[in-house]
Every structure is written in structure tokens, then in C-alpha cells.
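Below is one structure; the comments refer to it alone.
Readers should treat all values here as calculations from the given coordinates under stated rules, not as data from a laboratory. Computed from a predicted structure; not experimentally measured. A quick note on method: Cβ atoms are made from the backbone with ideal geometry, for glycine too, and the neighbour counts reach across all protein chains shown.
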Ligand SMILES: [Mn+2]
């Protein structure tokens, strides 16, 4: 696969246009065919100290960023019937002293071109539309976690339908997720912005890091870079994991003092206008890879390069995982961490199942889609094809946990394996490496868009640069922020 040259991101689309929101709703209508679609926005956070974030499904469908909203449209034979309705909180100047501006019902028409109604009228509206249309299927989009107690959204749907026994409720989350798989040019621009900001933070973190520093100092710089460049927030909890913490996949306590011999995994992502980046770099605390660090790092980087080489537009995403797995098997075997290519172990104490020995060190999948969610629907690196408009990560890793040999089921086969791999596990203990990059499939190429240093010599050179304050703000990014409305005035 040929990666295209670093793309200039200048022809920025200022925002996602009304016509694109209409196209998204039209695509959903086509998918569901018939029914009343009801999407629930996120509630005002109950804890005072949390910021409001609209859920991705509602944001995708409406672009509306206030709490306690709902969206309703009637679909007949795959076509939207009438004008969709956006239910919002009323504008109340006295209350807005506390909450800030609310668009209010009249603003819905002028800002969104939808019919606006007070959220208090939701139940009445559902009942009357169901009666008038003779429609009996309510297609719901929201947070319907199956865990008990029922989520707020599930309770809302239950109360909406409690007095209307003719209404059958069907979840339509999956239908909307399917529509979200392929990103529009405007969405890809937002993703690029988020990625560019994240790359700046990775570079600055490499310049800053030195032994004796705490993980939270690195986290603070990363998140400072995010916000000062216009990111909304981190798109997930910033992971800065040093030494043993580098082997914990979702470590985010970020409060350990960094020692000279540590590897440091930095798995970070900015969110820009709602769109997520997800970029991981792993660096040696003292700025120079030791031999053991180099062994593991090179194995991970080789697996990533193998996956990249297998990435073809419209080609199967599975090919990427296959290539990475083959590369990791060869490397792990050479390092003595597994008994050989394709070797297995008993993954339960009854020895009923065999698992790849590779999985002792690499226990996650190769990648995932990125978009409004950091784990977004889309042709990721384990299923489907890399169709144009796919945005995804490739992120192999090797994590040698110090206690690995103590947590493997105790069977004869495993004991034999442990005897063979113990020296290598001890040699590489507490080294965790993940390298994660972001990619976009265009019409004719798969483009690498997260160009932070990643070869060993590049990382070492970046870490030798003297820390001299954060990188200057990028003029194009500032302009992108200025020209990108939040739609809600
Ligand atoms: Mn990721």
C-alpha cells in the first residue's frame, strides 16, 4: 500500500451543513423503512462538576448540543414523512442565569430547519402522531443499557408507551450505527483536526519527559496542548503509563513517578468539535532505547508496518490483523517469549480450550473505527472492507506483565511452556509497548494521518530536543476553530 504524502488540510469545511444532517436522517429512514423514530439526547449531568456532552447518536442525527432534548421523525416506506421534530428545553432568561443560553422552541426552526416543540410535549406528541399515522412501531435510539437498574432512557421510553398499548418498541441504535460507518468529507476534516492536535501533544510530551517527573505532569501538558489548540476535551481518559503501568491496557490513574529505565505508554486523543483522535506512542524515560526496550519496540513497530502494508482501499480489514499476527508470532518466537509460531497454551484449568501464546502479550484487537466515538462504528481492522470514508486505527502492542507466569492456568502443558519462556519473561518484565496510528481510506489510498515520530531514531531525536515551552499554536488550527460553529448560538 502506498501512503500518500502528508496531506495539506487547508480547504476546511467550516461545519457540518444542514444538508448533511438531512442526508444522515434520510439514510436512516431508508434503513428502518417504517416507524416512528425517536432519539433521546443526553440528560443534564446529575453531578454539578461534570460538563455536558451530547451522546454521539443524537449529535450525529441532529447536531444539537443542549441537554434533555429529543428528536422524532415519521418514516414511511423508507422516506421521511413530514417535518422532523426537535424537542428542546424552553428558553427561560431567568433560568439561563444558571444554565447559560438555551435555544428554545422558536430557535429550532431558524437554526435547524426542524419543527421545534417543548420537551414537555413529547409524550403527547408521540401518542397523537401514532394515532394520526396509524403507526404502531416506535424505533428508539438512546442509551438502553441492559444492566439493572434501567437506564434513564429506558425509563423514558417505558413511560412514553405505558398508556399506549398499541405501540411496539424496537431499538434502532444498530441502524444508525450502520449509517455512521462511512465518514463524509466534513467528518474526515474534523478527524484530521483532532489528530493534528494530538500529534502536537505527542511531540511536546516527548520533549518534556525526563526521569523523576510524575505521569500526571505529562498528562497535564498533553491536555493543555489539546485545549489550547481548540480541542473540546480528551476523547477518552488520557493514559500515561510508566514501567509496570505500561503493561496495563487502560491504565489512567497517571500518578506514578517515572524511573530512568521505564518505558512510557502514552495513549491519548483530542476531541475536536466532537470528533475523536486516538494516537499512542511509547518512549523510553531517559530518551534512549535500551537493548531490551528496543527488542520489544521493534517487534511492535514491525507488526504495525506489516498491517499497514496489507491495508488496501476496498480490501478486507481482516488482512491487516492476519499480517500483524504473523509478524508478532515471528518476533515473539525469536525473542523466546513464545515456543514458536502458532504455539498454543491451555487457556483454562480444565485444558478444554487452546489459545495462541501470542495472546499472553497481545490481548486486544488490532484497531477500531474513529469518529464521533473513539471506538466508532466503521470498517475497523477486524471486520468488513476498508471502503472509502473509513477512518480507523492500527495499534498492535506487546505487554510483558511481571506476574504473567503466575496468572496462567496450572496445567502440564502450561508448565512445560513456562519452563521454556521464563527467562525471556524475566528479561522483558514490565515492558509494555503500544504504537497506534490513525488512517483514512480515500477513493484511491489509505492515508496515514497521525504523523508523530515513531521510528526509534525519530523518537530519540525528538526526546533530545530541549524543552522550551509548548509548540506554538498552529494558525490553520486556530482558523479552523474560529470558522467552525457549534450551531447553537
Ligand atoms: Mn485505540
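Comparing Cα centroids, region 306-324 and region 212-262 end up 30 angstrom apart. Across region 64-153, Cα-Cα pairs farther apart than 24 Å form 31% of the total. Computed as a quarter of the hull surface, the mean projected area of the alpha carbon convex hull for region 426-489 stands at 9.4 nm². Among 108-118, 135-145, 366-376, 297-307, the peptide with the highest mean count of other Cβ atoms within 10 Å heads the list, and the full ranking is 366-376, 297-307, 135-145, 108-118.
The modelled label-to-label distance between residue 474 and residue 233, using points 7 Å beyond Cα along the C-beta direction, is 2.3 nm. For the Cα atoms of the chain, what angle does the longest principal axis make with the long axis of helix 412-428, in degrees from 0 to 90, nearest 10? So the inclination is approximately 80 degrees. Helix 291-310 and the longest principal axis of the C-alpha atoms of the chain enclose an angle of approximately 50°.
Here the label points at residue 444 and residue 341, each 7 Å from Cα along the C-beta direction, are separated by 3.5 nm in the simple model. Looking at the chain alone, DSSP beta bridges between its own residues are antiparallel in about 80 percent of cases. Helix 18-32 axis versus longest C-alpha principal axis of the chain: approximately 90°, rounded to the nearest ten. Note on region 110-239: Kirkwood hydrodynamic radius from all Cα pairs is 19.4 Å, rounded to one decimal. Across region 175-272, counting alpha-carbon atoms alone, Rg and Dmax equal 15.3, 50 Å.
When restricted to Cα atoms, region 378-442 yields an Rg and a Dmax of 17.9, 51 Å, respectively. Each residue of region 331-481 gets 186 Å³ once the volume of the Cα convex hull is shared out per residue. Extension gain, residue 94 to residue 131, is 9.6 nm, computed as 0.36 nm per intervening residue step minus the present C-alpha separation. Note on region 295-350: semi-axes of the ellipsoid equivalent to its C-alpha gyration tensor, largest first and rounded to whole Å, are 24, 16, 7.
The distance from the alpha carbon centre of region 68-100 to that of region 123-187 is 14 Å, rounded to a whole number. Quotient of the Cα radius of gyration of region 185-482 and 2.2 N^0.38 Å, N being its number of residues: 1.00. When all alpha carbon pairs of region 18-102 are counted in 10 Å bins from zero, the resulting P(r) reads 17, 43, 26, 12, 2 %. Take each peptide in 266-278, 350-362, count the other Cβ atoms within 10 Å of every residue, and average; sorted highest first, the result is 266-278, 350-362. Only helical runs count toward this figure. For the chain, summing -39,500 (n - 2.57) over DSSP H runs of n ≥ 4 and dividing by all residues gives -11000 deg cm²/dmol at 222 nm. Rounded to the nearest 0.05, what FRET efficiency do residue 110 and residue 353 have when you use their Cβ-Cβ distance and R0 = 60 Å? It comes to 0.50.
What translational diffusion coefficient, to the nearest whole µm²/s, does region 18-179 have by Stokes-Einstein, given a Kirkwood radius computed over alpha-carbon pairs, a temperature of 25 °C and 0.890 mPa s viscosity? Rounded, D is 152 µm²/s. If each residue of separation counts as 0.36 nm, what is the full-extension length gain between residue 467 and residue 427 once their alpha-carbon separation is subtracted? Here the segment from residue 467 to residue 427 would lengthen by 11.2 nm.
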